[in-house]
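A quick write-up on the structure given underneath.
The values are calculated or read from the model by the stated rules, or taken from the named source; none is laboratory data. The structure presented is a predicted model; accordingly, all values stated were derived computationally and were not measured. Backbone-built Cβ (ideal geometry, glycine too); neighbour counts: all protein chains shown. For the accessible areas, the whole protein counts, side chains as well, though only heavy atoms, and no ligand, DNA or RNA atoms are used. Shrake-Rupley method; radii C 1.70, N 1.55, O 1.52, S 1.80 Å.
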Amino acid sequence: MIGPRVLEPLPWRAGPAQVIAAWPSDRPLVALWSAEAGTAAPLGPWSRWTILAEPRATVTADATATCGRDPLALLASATAATAIRAPTASLPPVPFLGGWIGALAYELGEHLEPASRRRSPDPLDDRGWFLAQWHRCPAAYLFDHTTERWHRAGEAAAAADLPVPGSGPPDDRGFALGALTGTGREGYTAAVARCVEYVHAGDLFQANLSHRLSAPFTGSARGLFLALARRARPRYGAYLEAARGAETHAARRRIIASASPELFLSFDPGTRRLVTRPIKGTRPAHADPAELDAPKERAELSMIVDLMRHDLARVCLPGTVRVDHPRQLERHAVLHALATISGTVAPGLIVPEVLRAAFPPGSVTGAPKTRAMQIIRELEPVVRGPYCGCIGLLSDSGHATLSVAIRTAALSGPPGDPRSPDRITGGTMDYSVGAGIVAQSDPAAEWRETLHKAAIVRELAPDDLTTTCEHRP
């Protein structure tokens, strides 16, 4: 039975990074992270809350165990069972009062749109990631970056039982990352050249083509997440450990550490306003903004704006979808161009149904979406897994915020310590990066753009990228 909800102020003076570092080593952790106040990246209306919680249960759907069950239908059923029935206007104005925090893998989109799997052999699935995984978090700590104050929110009993971060020295959050390897420049630029041929042949206007970097990983996944967040100052960072006993394979631990700057969908149940902010075009943080003013860069963003308008129109009231900002430049850990599109969701529709209409995100697929997904499937040698899916929260209050899972490390490997859910020994970190390919794309320039996006992990690795190639078996 779902209990009453509370929102209680806390006297803590520590920031989110300190609380994560001091989180009890034997209690699982999930986190949704906004850029720290006082950094070079202004918070604005899109980055305010950091949420830390202990997952109490985990629901997972994968390609082999789904058995015909629809992962989004399962999510709809789970959220309906825990939804707060009180009027939205009567609830505290915070984004999370207990709910579900989790991720959808990119390949879920291929199950939602079977036509995207045509005309291509299966890419290599050598990691075995889920299609969907959601963690039940009945309560959480909320940090408001505008006031720099903490609150405890959610079901009263669960809120009282949240882990208390240690007051002494933090546990060791050390980790070791080996040298990065991947498909290499030659393999990626050849795939880009083939994609450009498809564009010139009229198959599509744009595709987001990626490649996977991998490195040996041992140590604390929380330590890696803190290192990524410190470098990237992400607006939509996320860290996901599974609840106790919920790991699909007992011998293999799977953790996601994301430093995403991109909003996929935000939903306000009071106004029913749905917002998306796709990013297209990236340069190093110190770059001249004029570098993102070329016709090629503008065309990339314009195409995705049209695609996202179409996706939102599938679930929004006629005449309510609008482009609030067709093009903005923002500088965080990198310089990028983005747009803001919004609409009013039709009465009766819920967030899982919105996801069915819009997933996977248009900025990481291309236009038209289905043909772009077919070409991605043909040209990328391995499945994407969590990368280019989405990560976020579905609050019991009806609020939803979901990021595009870019700048995302997918960690897997044997547990380093069965008592510490963040530790992996002899595992692997995968970190994929991509670029939007259009008619004017230059393969060498697109390769360089992907390396800009990999900068935060390249700083952590002992050596620069090699050209080791991965092939289909």
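Before moving on, here are some points about what is shown:
- Answer residue from segment 329-370, given it is at pLDDT below 95 and more than 27 Å from SER395 (Cβ to Cβ) and is surrounded by the fewest Cβ atoms within 10 Å (Cβ to Cβ) among those: LEU329
- Candidates are the residues of segment 215-247 that are within 18 Å of PRO28 (Cβ to Cβ) and touching a Gly at 6+ places or on another chain (Cβ under 8 Å); the one that is surrounded by the fewest Cβ atoms within 10 Å (Cβ to Cβ) is GLY219.
- Pairs with Cβ under 7 Å, 6+ apart, first in segment 254-270 and over 16 Å from CYS388 (Cα atoms), second outside any loop (DSSP other than H, G, I, E, B) and modelled with pLDDT under 95: PRO269/THR88; GLY270/THR88; GLY270/ALA89
- Residue within segment 411-427 that is over 22 Å from ALA229 (Cβ atoms), touching a residue at least 40 places away in the same chain (Cβ under 8 Å) and among the polar types (S, T, N, Q) present: yes
- Residue list for segment 288-304, filter: exposed (fewer than 15 other Cβ atoms within 10 Å of the Cβ) and of a type in the set (Gly, Ala, Ser): ALA290, ALA294
- Scan segment 415-447 for residues that are within 18 Å of PHE205 (Cβ to Cβ) and of a type in the set (A, V, I, L, M) and the total you get is 4.
- Long-range neighbours under 8 Å by Cβ, at least six apart or interchain, first residue closer than 22 Å to THR408 by Cα within segment 94-119, second modelled with pLDDT of 95 or more and of a type in the set (Asp, Glu): none
- Taking the numbered list (1) at pLDDT below 95; (2) among the aliphatic types (A, V, I, L, M); (3) surrounded by 18 or more Cβ atoms within 10 Å (Cβ to Cβ); (4) farther than 29 Å from LYS280 by Cα in turn, LEU180 passes all entries but (4).
- So LEU307, is it open to solvent by less than 50 Å² (accessible area, probe 1.4 Å) and outside any strand (DSSP E or B): yes
- Listed conditions (1) open to solvent by 10 Å² or more (accessible area, probe 1.4 Å); (2) closer than 30 Å to ALA81 by Cβ; (3) of a type in the set (Phe, Trp, Tyr) are all met by PHE175, apart from (2).
- Of the residues making up segment 185-242, just one is under 16 Å from the mean Cα position of the chain (by Cα), within 24 Å of GLY362 (Cα to Cα) and assigned to a helix (DSSP H, G or I), namely ALA232.
- Within segment 130-159, the set of residues being in a loop (DSSP other than H, G, I, E, B), open to solvent by 30 Å² or more (accessible area, probe 1.4 Å) and not hydroxyl-bearing (Ser, Thr, Tyr) comprises GLU148 only.
- Residue selected from segment 272-304 under the condition small (Gly, Ala, Ser) and in a helix (DSSP H, G or I), by the criterion nearest to GLY109 (Cα to Cα): SER302
Every residue, every condition in (1) open to solvent by less than 30 Å² (accessible area, probe 1.4 Å); (2) modelled with pLDDT of 90 or more; (3) of a type in the set (Lys, Arg), yes or no:
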position: ILE51; (1), (2), (3): yes, yes, no
position: ARG69; (1), (2), (3): no, no, yes
position: LEU72; (1), (2), (3): yes, yes, no
position: SER77; (1), (2), (3): no, yes, no
position: ALA81; (1), (2), (3): no, yes, no
position: ARG85; (1), (2), (3): no, no, yes
position: SER90; (1), (2), (3): no, no, no
position: PRO95; (1), (2), (3): yes, yes, no
position: GLY99; (1), (2), (3): yes, yes, no
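- Segment 416-455, residues that are open to solvent by 20 Å² or more (accessible area, probe 1.4 Å), in a helix (DSSP H, G or I) and not charged (D, E, K, R): PRO443, ALA444, ALA445, TRP447, LEU451, HIS452, ALA455
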